[in-house]
Amino acid sequence: MRGSINLILPPISPSPLIPFNRLSHLHLSPSFPSSTSDLLKAASRKLIFATKSNMAANDEEYAGNVKRQLGKLFETSLRTTVPDEPDVEPLIAACTAKFGDYQCNNAMGLWSKMRGKSTKFKGPPSVGQALVANLPQSEIIESCSVAGAGFVNIVLSKNWIAKSIQKMLLDGIEKWAPQLPVKRAVVDFSSPNIAKEMHVGHLRSTIIGDALARMLEFSNVDVLRRNHVGDWGTQFGMLIEFLFENYPNWEDVSETAIGDLQAFYKASKQRFDCDAAFKERAQQAVVRLQGGEPKYRKAWSQICEISRKEFDRVYQRLGTQLEEKGESFYHPHIPGVIKQLSDLGLVEESQGARVIFIEGINIPLIVVKSDGGYNYASTDLTALWYRLNEEKAEWIIYLTDVGQQQHFDMVFKAATRAGWLPADDSGYPKASHVGFGLVLGEDGKRFRTRSTEVVRLVDLLDEAKSRSKTALIERGKAEEWTEQELEQTAEAVGYGAVKYADLKNNRLTNYTFDFDQMLNDKGNTAVYLLYAHARICSIIRKSGRDIEELKKTGTVVLDHAGERELGLYLLQFSEVVEEACTNLLPNVVCEYLYNLSEIFTKKFYSNCQVVGSPEETSRLLLCEATARVMRKCFYLLGIVPVYKI
């Protein structure tokens with residue numbers, strides 16, 4: 001079975017810094033009294049910090065995350081400015097206005113706490129002024145100003161931005177990986193049912209789940225990629241009995257003999273519904289299977305293996321890695337988990353079944369059916385217990401359609417009642433359901449073929465590749481490239497187009513599947529972005545310069561406004577990925593990738609000549625940095641980049 005939240009930074013550990021009086025950069029408002037200014041100067045002089053080398057070592061901790069580095073500086077200022085408010089977290093956000101690059105937004109909240117008390121401050125602006133005055137020295141900040149109700153606008157040093165980009169080029173983009181508060185996570189995604197065709201719902205789960213797993217892995221989280229396949233239950237008695245009946249030599253049966261497994265399932269289901277004798281044999285087959293009889297276990301294994309080969313055809317095209325731990329894996333653990341829940345007094349009798357009542361929900365969570373059998377809730381509770389206790393996961397993430405939200409909400413609440421999960425949702429370990437909307441056809445209804453059947457994913461992906469290849473041939477690439485290059489590019493563009501069309505939407509919304517739109521080379525599509533990356537690579541190639549040598553000998557300079565805007569946006573990559581991970585929203589990375597491409601083209605490349613200019617070396621390095629960040633975004637989204645087009 002199977003908008004956007006504000007990112008709140010966790011408290012940042014204090015770090016020793018060197019003294020610096022930032023009053024020289026402060027734009028004082030008329031309402032800021034000179035006496036307060038004198039007090040702040042005196043307080044600033046009294047601060048005791050460590051050496052520059054210690055500061056540099058601490059800066060390495062959040063090397064690529066500007067928001068966290070600024071947060072660390074403002075945390076020091078907060079401790080000095082309001083020592084009686086020790087638990088205040090720095091509120092840092094990227095600016096959208098022209099007054100700065102980032103903003104610290106603590107002043108109003110602090111003033112609301114201090115108003116009416118004995119305080120030297122006269123209002124939010126004076127709190128903001130003090131926060132700036134108490135900032136320790138840092139090469140990150142060029143200047144600060146206070147606006148409105150104490151909002152601190154921060155302008156970053158263009159030299160520091162340039163140095164950070166150059167350091168990334170030398171050390172690798174992994175230095176810009178976010179740092180998350182978890183070490184191990186389970187991502188439960190894809191999860192098709194054995195002997196049933198994978199459909200577009202599984203496509204969404206697989207694409208979104210793989211992207212989230214990649215983002216967490218990039219953030220140095222140990223990710224257990226789990227394929228919770230439906231490989232256990234009453235339907236297997238029906239399938240096994242049908243196998244025995246139609247294939248006397250069933251032990252030698254392969255996927256070639258059975259053919260279309262979906263048709264095999266439908267035929268067995270029809271027989272089950274219409275033939276009482278067959279139905280009785282099928283029900284007995286379930287008992288024998290679950291009792292461990294070798295013949296039935298072997299037949300079950302064969303059916304599962306045939307299905308896996310079908311699934312693998314999809315996973316290979318999508319470049320997705322999963323480890324299967326299906327329902328059958330957790331089945332032996334169910335009795336012990338149900339006993340544990342019963343011993344805690346959570347399980348009650350209700351109409352012959354055993355259930356857990358969840359506060360606020362008018363239907364109970366059935367954990368043992370009235371016939372004594374187990375169900376999805378039994379398995380999902382057991383899987384959650386196993387992941388927490390045996391696999392020691394701190395974050396368990398489930399990818400299914402939004403229709404299963406209530407089921408998982410009940411499972412998580414039952415686990416909280418059992419003490420497996422903390423009552424506070426912000427704590428760890430935690431479990432999260434990542435729901436997603438439907439894939440629609442042009443008629444606005446669930447995406448199906450003309451014969452009303454669910455679309456086979458292999459056929460859908462092959463169609464995307466075929467259309468992509470046709471477009472490349474029409475552009476004359478068959479004459480320019482080898483057949484292998486043509487095939488590889490068609491795959492990268494075709495499969496990438498399908499993935500990006502899904503991931504660029506907020507996962508909770510429905511979207512319409514449209515080959516023509518997703519394969520368009522204009523607008524916010526994978527094709528446009530892949531071509532943009534290829535063009536950047538072409539600029540570097542046409543320069544004839546050795547980019548690896550330039551990384552070691554060249555210097556990035558951001559004197560032009562377009563250079564600085566591109567450099568600043570490149571530096572925001574880490575916090576964007578952190579937001580995507582924290583809120584489990586891959587579309588955040590898609591939006592960043594598209595904006596980066598637009599800034600490169602419209603703000604930098606249109607205004608800054610690269611090849612043949614006096615600034616060629618610096619600008620080639622900016623091209624390389626952009627290409628590298630784009631490639632990492634592609635990787636996080638599961639898209640293979642192309643280098644020429």
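The values are calculated or read from the model by the stated rules, or taken from the named source; none is laboratory data. Computed from a prediction, not measured in an experiment: that's the story for all the values here. Please note: Cβ atoms are built from the backbone with ideal geometry, for glycine as well, and neighbour counts cover all protein chains shown. Keep in mind that these areas ignore ligands, DNA and RNA; they rest on the heavy atoms of the full protein, side chains included. Shrake-Rupley method; radii C 1.70, N 1.55, O 1.52, S 1.80 Å.
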Checklist outcome for this item: Note on region 369-394: residues at pLDDT 95 or above, open to solvent by 10 Å² or more (accessible area, probe 1.4 Å) and either within 19 Å of VAL223 (Cα to Cα) or touching a strand residue (DSSP E or B) at 6+ places or on another chain (Cβ under 6 Å) (or both) are TRP385, TYR386, LEU388, ASN389, GLU390, GLU391, LYS392, GLU394
Item to check | Qualifying positions in region 535-557 - crowded, with 17+ Cβ neighbours inside 10 Å, within 15 Å of TYR605 (Cα to Cα) and of a type in the set (Gly, Ala, Ser) | outcome: SER543
Checklist entry - What are the pairs, 6+ residues apart or on separate chains, where a residue within region 535-562 that is farther than 13 Å from LEU621 by Cα has its Cβ under 9 Å from a residue that is of a type in the set (A, V, I, L, M, F, W, C) and at pLDDT 95 or above? => result LYS542/VAL611; GLY544/VAL611; HIS560/PHE604; HIS560/CYS608; GLY562/ILE599; GLY562/PHE604; GLY562/CYS608
Checklist entry - Do you know which residues across region 494-520 are aliphatic (A, V, I, L, M) and either assigned to a helix (DSSP H, G or I) or open to solvent by less than 10 Å² (accessible area, probe 1.4 Å) (or both)? => result ALA497, VAL498, ALA501, LEU503, MET518
Checklist entry - Of the residues that sit in region 252-275 and are over 24 Å from MET198 (Cα atoms) and open to solvent by 80 Å² or more (accessible area, probe 1.4 Å), which one is modelled with the highest pLDDT? => result CYS274
Checklist entry - Among the helices (runs of 4 or more DSSP H) confined wholly to region 79-181, which include 1 or more residues that are open to solvent by 50 Å² or more (accessible area, probe 1.4 Å)? => result 107-114, 158-171
Item to check | Out of SER378, SER432, SER426, sole residue that is of a type in the set (Ser, Thr, Tyr), within 25 Å of ILE363 (Cβ to Cβ) and within 24 Å of the chain's Cα centre (by Cα) | outcome: SER432
Next on the checklist: Where the second residue is β-branched (Val, Ile, Thr) and buried (at least 16 other Cβ atoms within 10 Å of the Cβ) and the first is more than 24 Å from GLY435 (Cβ to Cβ) and lies in region 504-527, which pairs have Cβ atoms under 6 Å and are six or more apart or on separate chains?
Outcome noted: LEU519/VAL527; ASP521/VAL527; VAL527/VAL493
Checklist entry - Looking at this structure, is HIS560 out of contact with any Leu (no Cβ under 9 Å at 6 or more places or on another chain) and either among the charged types (D, E, K, R) or more than 30 Å from ASP462 (Cα to Cα) (or both)? => result yes
Checklist outcome for this item: Looking across region 482-493 at residues that are more than 11 Å from VAL642 (Cβ to Cβ) and not hydroxyl-bearing (Ser, Thr, Tyr), the single one that is most open to solvent (accessible area, probe 1.4 Å) is GLN484
Item to check | Residue check for VAL557: under 30 Å from LYS98 (Cβ atoms), at pLDDT 95 or above and outside any helix (DSSP H, G or I) | outcome: yes
Item to check | Answer from VAL402, VAL455 - the residue that is open to solvent by less than 20 Å² (accessible area, probe 1.4 Å) and β-branched (Val, Ile, Thr) | outcome: VAL455
Checklist entry - Restricting attention to region 468-481, and to residues there that are in a helix (DSSP H, G or I) and over 17 Å from VAL527 (Cα atoms), which single residue is least open to solvent (accessible area, probe 1.4 Å)? => result ALA478
Next on the checklist: For region 363-400: of the residues being of a type in the set (Asp, Glu) and outside any helix (DSSP H, G or I), which is nearest to MET215 (Cα to Cα)?
Outcome noted: GLU394
Checklist entry - What is the residue count in region 575-591 for residues that are open to solvent by 20 Å² or more (accessible area, probe 1.4 Å) and not β-branched (Val, Ile, Thr)? => result 3
Next on the checklist: Considering only region 446-458, I want to know if a residue exists there that is modelled with pLDDT of 95 or more and more than 21 Å from ALA211 (Cα to Cα).
Outcome noted: no
Checklist entry - TYR428 passes all but one of (1) closer than 23 Å to ALA185 by Cβ; (2) open to solvent by less than 10 Å² (accessible area, probe 1.4 Å); which number fails? => result (2)
Checklist entry - Can you name the condition, by its number, that HIS333 falls short on among (1) open to solvent by 50 Å² or more (accessible area, probe 1.4 Å); (2) within 15 Å of TRP232 (Cβ to Cβ); (3) over 31 Å from the mean Cα position of the chain (by Cα); (4) at pLDDT 90 or above? => result (3)
Item to check | Residue identified as closer than 21 Å to LYS163 by Cα and among the basic types (Lys, Arg) among LYS542, LYS552 | outcome: LYS552
Item to check | Criterion: part of a helix (DSSP H, G or I), open to solvent by 50 Å² or more (accessible area, probe 1.4 Å) and within 28 Å of MET215 (Cβ to Cβ) - qualifying residue of TYR594, TYR528, TYR569 | outcome: TYR594
Checklist entry - In the list CYS608, CYS623, which residue meets the criterion of being open to solvent by less than 10 Å² (accessible area, probe 1.4 Å) and outside any helix (DSSP H, G or I)? => result CYS608
Checklist outcome for this item: Taking region 182-198 and keeping residues within 15 Å of the chain's Cα centre (by Cα) and outside any loop (DSSP other than H, G, I, E, B) leaves ARG184, ALA185, VAL186, VAL187, ASP188
Item to check | Of all residues in region 337-362 being in a strand (DSSP E or B) and open to solvent by 70 Å² or more (accessible area, probe 1.4 Å), the one that is nearest to LEU381 (Cα to Cα) | outcome: ARG354
Checklist entry - Does GLU563 satisfy the criteria of being among the acidic types (Asp, Glu) and surrounded by 18 or more Cβ atoms within 10 Å (Cβ to Cβ)? => result yes
